[in-house]
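Below is one structure, written out as structure tokens; the observations come after it.
Read-outs throughout are calculated quantities, based only on the coordinates presented, and are distinct from any laboratory measurement. Quick caveat, the model's predicted, so the values are computed rather than measured. Cβ placement follows ideal geometry from the backbone for every residue including glycine, while neighbour counts extend to all protein chains displayed.
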Amino acid sequence: MKILYKSLNPGDTIGIIGGGQLGKMMAQSAKKMGFVVGILDPNENCPAAQVSDWNICADYADKEALREFARKATVLTFEFENIDAEALREMEELVAIPQGSEVVAITQDRIKEKRFLESSGVSIAPFEVVETIDQLNTAVEKIGYPCVLKTTRFGYDGKGQVVLKSEADKGATEALIAANSCILEAWVPFSKELSVMIVRNQKGETTIFPVSENIHIANILHESIVPARIFPEVSEKAVEAAQQIADALQLIGTLGIELFLTKDDVIFVNELAPRPHNSGHYTIEAMSLSQFDAHIRAVAGLTMPKARLLSSVVMVNILGQHMEDSLAFRDKKAEWSFHYYGKEDLHTNRKVGHVTILTNDVAETLIEIENTGIWNESYRKLNLN
């Protein structure tokens, strides 16, 4: 039997599964509202543990640690979807988990996610399930080139994917198929990548954030631009799709919806993330309410306010290789908001921070970002593509 809950009060405990940067920024929002915060993460000095009241250092698959964690919290939430949905389902009998386990079961499995999106009536790219090389050959015949093979689970930032442009690329898929269940998707010839963040509480009240235009380099988010440089009717279609999906899910908490926009202004839903999203970090400075504040309000059962955009904004990710150069610009760009996550390992392509820049002229700001030289390597890769 699921544990029910009422609106939380200051002093109640919110447990967060996952202690990375999303968990850290959730914890900071929760502390601001007077809640006690606990973290479960395998790393004792993870970013979220640095700002929480207590933490349990354990693997996400450690069921005894999860039960102990559940007993110490009033409600639980999570910073990522790649946790055991069955273990989460068991925990629902010990503690209130407003987001529920079903949203995790759907979004951590691309087959379930695609079928859910189909049933909710939004547009998605054609896809086929692939578990053998023979199935891949059949799927390619149906879908055609170019297409992309993706693992059904545990893929993010471009991991677990192979793009097929011709028959010659099939050899690169063998290891992926041998080790994983996969889906083959038609390649969407997009002109822009977009995202929408929607947050919904148990009463069905929603906070919807503006559409973000996202630029990826090597499959990792580089910049988010808000408002997105799209026509108003396209923005309306993106928001309508977000609301449609949230209602179909009976969403509680945050949902990030990643979208492709074609040159003909057709929108395709790509993927879902049932938690705050990298492309929503701009909300901390540029909105009247951040995505993290909204998420905590939703899982705490509080009223959802409207979020107002205070300024046009550009958010840029800081990866491990950018760390040293970015530090040199903190004084030179004092009006920029530099966020560092407190990660100990600063390896290449790891997200270790971000910069948020409020602006009256997005085009000028994009040039200013490039001229710092911090992201020179990234721009070279972008130009090569």
Checklist entry - Counting each DSSP H run of 4 or more residues in the chain as -39500 (n - 2.57), what helix-only mean residue ellipticity at 222 nm follows after dividing by all residues, to the nearest 500 deg cm²/dmol? => result -9000 deg cm²/dmol
Next on the checklist: At 7 Å along Cα-to-Cβ for each site, give me the label-to-label distance between residue 179 and residue 358 in nm.
Outcome noted: 4.6
Checklist entry - Over the Cα atoms of the chain, how large are the radius of gyration and the largest Cα-Cα distance (Dmax), in Å? => result 20.6, 60
Checklist entry - How many nm separate the modelled label positions at residue 131 and residue 306, each set 7 Å beyond the Cα in the direction of the Cβ? => result 5.0
Checklist entry - For the chain, modelled as a GNM with alpha-carbon contacts under 10 angstrom, which of 246, 179, 300 fluctuates the most? => result 179
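Determine, for the range 190-384, the count of lysine pairs separated by eight or more sequence positions (or lying on different chains) whose alpha-carbon distance falls under 16 Å. Mind showing how you got there, number by number?
Values: 192/237; 192/263; 203/306; 237/263; 343/351.
Lysine pairs satisfying the spacing and distance rule in the range 190-384 number 5.
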Next on the checklist: To make sure I understand the rule: partners must be aspartates and glutamates, Cα under 15 Å from the Cα of residue 32, and not fewer than 8 residues away in the same chain. Which ones qualify?
Outcome noted: 12, 53, 293
Checklist entry - Which lysines have a Cα lying under 17 Å from the Cα of residue 150, excluding residues fewer than 8 positions away in the same chain? => result 112, 114, 142, 159, 165, 170
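Convert 25 °C to kelvin, take the viscosity as 0.890 mPa s, use the Kirkwood radius over C-alpha pairs of the range 20-146 as Rh, and evaluate the Stokes-Einstein diffusion coefficient in µm²/s, rounded to a whole number.
The calculation lands on 144 µm²/s.
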Checklist entry - Can you tell which of 126, 146, 232 shows the greatest fluctuation in a Gaussian network model of the chain with Cα springs below 10 Å? => result 232
Checklist entry - Under Stokes-Einstein, with the Kirkwood radius over Cα pairs standing in for Rh, what whole-number D in µm²/s applies to the range 190-384 at 25 °C and 0.890 mPa s? => result 142
Checklist entry - Label-point separation (nm) for residue 93 and residue 203, each offset 7 Å from Cα along Cα-to-Cβ? => result 3.3
Checklist entry - Once the Cβ-Cβ distance between residue 323 and residue 54 is put in as r, and R0 is 25 Å, what FRET efficiency do you end up with, to the nearest 0.05? => result 0.30
Checklist outcome for this item: Which of 18, 373, 301 fluctuates most in a GNM of the chain (C-alpha springs under 10 Å)? That residue is 373
Checklist entry - Shape of the range 126-186 from its Cα gyration tensor (a ≥ b ≥ c, root eigenvalues): rounded if a/c is under 1.5, otherwise prolate when a/b > b/c, or oblate? => result rounded
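When the gyration tensor of the range 2-85 is built from Cα positions, what are the square roots of 5 times its three eigenvalues, in whole Å, from largest to smallest?
After diagonalising the Cα gyration tensor, the semi-axes are 18, 16, 11 Å.
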